[in-house]
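Below: one structure, written as structure tokens.
The values are calculated or read from the model by the stated rules, or taken from the named source; none is laboratory data. Not measured: the values here are computed from a predicted model. A quick note on method: Cβ atoms are made from the backbone with ideal geometry, for glycine too, and the neighbour counts reach across all protein chains shown. Accessible surface areas use protein heavy atoms only, side chains included; no ligands, DNA or RNA. Shrake-Rupley method; radii C 1.70, N 1.55, O 1.52, S 1.80 Å.
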Amino acid sequence: MKRVYVNEKWCIGCHLCEYNCAFANSGQADMVKALKGRDIFPRIRVEESGNINFAVSCRHCTDPICAKSCISGAISVKDGAVCIDRDKCVGCLTCVLVCPYGALSQGEHGAVQKCELCLQNTCGEPACVKGCPNRAIVYEER
Amino acid sequence: MTEQNLKQYVIIGNGVAAAGSIEGIRSADTTGQITVISQEVHPVYCRPLISYYLEGKTDLQRMQYRSADFYDKMGCQVLYGRIATKLDTAAQTVTLDDGTTLPYDELCIAAGSAPFVPPINGLDTVPDKFTFMTLDDTLALEQTIRPDSRVLIIGAGLIGLKCAEGLQGRVGSITVCDLSDRVLSSILDAECAALMQQRLEANGIHFMLGDTVQSFAGHTANMQSGCTVDFDVLVLAVGVRPNTSLLQNAAGAVERGILVDEHMATVLPHIYAAGDCTQVEDVSCGTKRVLAIMPNAYMQGYCAGSRMAGGSAVFDNAIPMNSIGFFGLHAMTAGSYDGEMYEERTADTLKRLFIRDNRLVGYILVGAVDRAGIYTALIRNQTPLDTLDFDLLKKIPTPAAFTPADRRKIFGGEI
Ligand SMILES: Cc1cc2nc3c(=O)[nH]c(=O)nc-3n(C[C@H](O)[C@H](O)[C@H](O)COP(=O)(O)OP(=O)(O)OC[C@H]3O[C@@H](n4cnc5c(N)ncnc54)[C@H](O)[C@@H]3O)c2cc1C
């Protein structure tokens, strides 16, 4: 299955992936309207320490502990992608308690959000990858 | 294969451990026959969501744990409203409350726990009293409450407080009493408990801690401290007890819960157990404990199912862990608290990490819980802390503190 992979040495820490993610999942047509002057809730996050940067999003684990732990039955695996039914999610954050990579977060309206590879929005392929200026994240089969 | 040759699987209970067990069986055997004995007359639902149901944050449809066609898809027969009453380990049969017997090749006990109802004087004189464990408890409670009801909850543990949160706004007043001097005493220390209590109090929950009911007379509770509380509705949430009697009566090994190994096998042949009715090793401290939490129920169930069907699943890294929130204030806890403490605090957040022998063994986080799972994994995997940048990690849970080799593996490959 295709996943988002990180090339740590190419990441310059520009955070564009975070903006592209937040925009792709905003449901809006205009990036300025969607993001300007607002707190953004991206599902990918640039980690920084010393001179290393890299973007972390859901690894779509083959045996995801978040899905096994969810107390709402809201997380499931669909064709290999780990998806969350935000309608079922009650925001208890048990998935945040168990994800070893810190890849899930509380969204704007209480329910948890996570990378769904832009398969659930109109983008159709990961917006973070499409907008990365440096191929520091790629979407491919490995 | 003919019908006679198909393996007969029987599962006692129909909670999340049972659902895990069904999925575990099907991971290794797609044809064997599965029969589920379900005391409750509902398909598997999300038990922890009963308080969210009262709060209006979910509904009967959305709180289903699996899709409507789950049992069909999994090829299971469910016997609703039936109770398993006896095991015959020689004949390999289970007897039900209607007298029928079911043969099994492999059996899983996923019977969960039952609320403990303390023998308080005069309890029988209280007209409206409830426990808070099942959907039916919840629906009955909902039927009884009125906008002006005075609710008394005995027990300031997770279940009592979740019930209080669920009822807030739907009743006149809520008083919670507990013999302990703090809320959530099984998972929080005094200071962290105080933060949670403040949030609950700010939202109108009234507490009587270090005090409990000595006797009842109808709608009045006489407290140990000498004062009295008048109430309309009583909720008993003092604790739960693992349902172990079936196995105990069959001469299986039981302490507080049913003893199981890392395959969820009990000491009796062909009998497995999973979920709240069991006791497993807590790897954060090496002792065997009942870990009555949903993630463990599912993972134990899955492991049991896999093994029953000849699969190779192992579950050997259980730890206690909880994510709890009240009125928007979240706390997370994991592992055990016996170790050197690292602490960070702000006006409204508290972080306590417990470190022993180069391992993170436990933590308590209140208010700031982002990415706590990174800490949880260190406990669960017993990661030696000198193999990563723990000075960074203790301040911020970030994958940037992992070794370059681990980062390459995690972010550059399939995991
Ligand atoms: C209000 C509340 C809030 C909770 N919140 C959380 C939370 O936030 N996070 C968390 O991790 N956990 C939480 N829990 C705990 C969680 O619900 C349990 O750990 C989990 O449901 C255990 O699953 P189980 O399948 O082992 O047992 P159960 O869900 O108890 O299911 C066992 C089933 O077996 C049936 N049964 C028992 N004996 C028999 C018999 N002899 N024959 C037939 N059927 C039988 C019972 O009726 C029951 O339906 C909460 C629990 C409650 C009550």
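Annotations
- When the accessible areas of B alone and A alone are added and the area of the pair subtracted, with a 1.4 Å probe, the result is around 3300 Å², both sides summed.
- Electrostatic dipole magnitude of the protein assembly as shown [Cβ: Lys, Arg +1; Asp, Glu -1; Cα centre; debye, to 20]: 1280 debye
- Using a probe of 1.4 Å on the protein chains alone, the accessible area found for B:MET299 is around 20 Å².
- Counted as membrane-span-like here are DSSP H helices of chain B whose alpha-carbon atoms extend 15 Å or more along the helix's own axis and whose Kyte-Doolittle mean is 0.5 or above; these are B:16-28.
- Lysines whose Cα lies under 23 Å from that of A:LYS88, excluding same-chain neighbours fewer than 8 positions away: A:LYS68, A:LYS78, A:LYS114, B:LYS57, B:LYS73, B:LYS162
- Residue-normalised accessible area of the protein assembly as shown, expressed per residue, 1.4 Å probe, Å²: 42 Å²
- Accessible-area ranking of A:HIS109, B:HIS270, B:HIS42, largest first, probe 1.4 Å: A:HIS109, B:HIS270, B:HIS42
- In the range B:351-415, the trypsin sites (Lys or Arg not before Pro) that fall in loop regions by DSSP, at most 14 other Cβ within 10 Å: none
- Distance between the 7 Å Cα→Cβ label points at B:PHE327 and A:ILE12: 4.9 nm.
- Geometric descriptor of the range B:328-410, per residue, is 90 Å³ (volume of the convex hull of the Cα atoms).
- The range B:122-155 and the range B:161-187 have Cα centres lying 13 Å from one another.
- For the range B:123-238: span of alpha carbons on each principal axis (Å, largest first): 37, 31, 23
- With Rh defined as the Kirkwood radius, the inverse of the mean 1/r over Cα pairs, the Rg/Rh of the range B:244-370 is 1.07.
- Lys, Arg +1 and Asp, Glu -1 on Cβ, resulting dipole of the range B:101-243 about Cα centre, debye, nearest 20: 200 debye
- Lys, Arg +1 and Asp, Glu -1 on Cβ, resulting dipole of the range B:266-354 about Cα centre, debye, nearest 20: 220 debye
- For B:ILE415, the amide hydrogen comes within under 5 Å of the amide hydrogens of A:THR62, counting only partners 5 or more places away or on other chains and with H modelled in the peptide plane.
- Taking only protein heavy atoms and a 1.4 Å probe, the accessible area of the protein assembly as shown is 48% carbon and sulfur.
- Debye intensity ratio I(q)/I(0), log10, the range B:320-370, q values 0.15, 0.20, 0.31 Å⁻¹ (C-alpha model): -0.39, -0.65, -1.15
- Pairwise label distance in nanometres, B:SER67 with B:ALA253, each label 7 Å out on the Cα-Cβ vector: 4.1 nm
- Cα gyration tensor category, rounded, prolate or oblate, for the range B:84-191 with a/c compared to 1.5: prolate
- Cysteines, chain A, no other Cys beta-carbon under 4.7 Å: A:CYS11, A:CYS14, A:CYS21, A:CYS61, A:CYS70, A:CYS83, A:CYS89, A:CYS92, A:CYS99, A:CYS132
- Separation between Cα centres of the range B:72-115 and the range B:266-302, rounded to whole Å: 19 Å
- Set of aspartates and glutamates with alpha-carbon distance to A:LYS130 below 20 Å, sequence-local pairs under 8 removed: A:GLU8, A:GLU18, A:ASP30, A:GLU47, A:GLU116, A:GLU140, A:GLU141
- Overall form of chain B: oblate. Here a/c, set by the Cα gyration tensor axes a ≥ b ≥ c, is 1.5 or more, and a/b is not larger than b/c.
- Put simply, the Cα atoms of the protein assembly as shown extend 72, 67, 50 Å along their principal axes, the longest span coming first.
- The trypsin sites (Lys or Arg not before Pro) found in the range A:6-39 that occupy coil by DSSP, while having at most 13 further C-beta atoms within 10 Å, are A:LYS36, A:ARG38.
- Positive minus negative residues near B:ARG182 (Lys, Arg vs Asp, Glu; Cβ under 12 Å): -4
- Nearby aspartates and glutamates by direct alpha-carbon distance to B:LYS129 (threshold 16 angstrom, same-chain neighbours under 8 apart not counted): B:ASP137, B:GLU142, B:ASP230, B:ASP232
- Residues whose amide H lies under 5 Å from that of B:THR278, counting only those 5 or more places away or on a different chain, are B:ILE258; hydrogens are built 1.01 Å from N in the peptide plane.
- Translational diffusion of the range B:1-104, µm² s⁻¹ [Kirkwood Rh, Cα pairs; Stokes-Einstein; 10 °C; 1.306 mPa s]: 107 µm²/s
- In units of the rule-of-thumb radius 2.2 N^0.38 Å, the range A:60-114 shows an alpha carbon radius of gyration of 0.99.
- Two-site FRET efficiency, B:TYR342 against B:SER186, from Cβ-Cβ distance with R₀ of 35 Å, rounded to 0.05: 0.95
- Whether the range A:1-105 is rounded, prolate or oblate, judged on the alpha carbon gyration tensor where a/c under 1.5 counts as rounded: oblate
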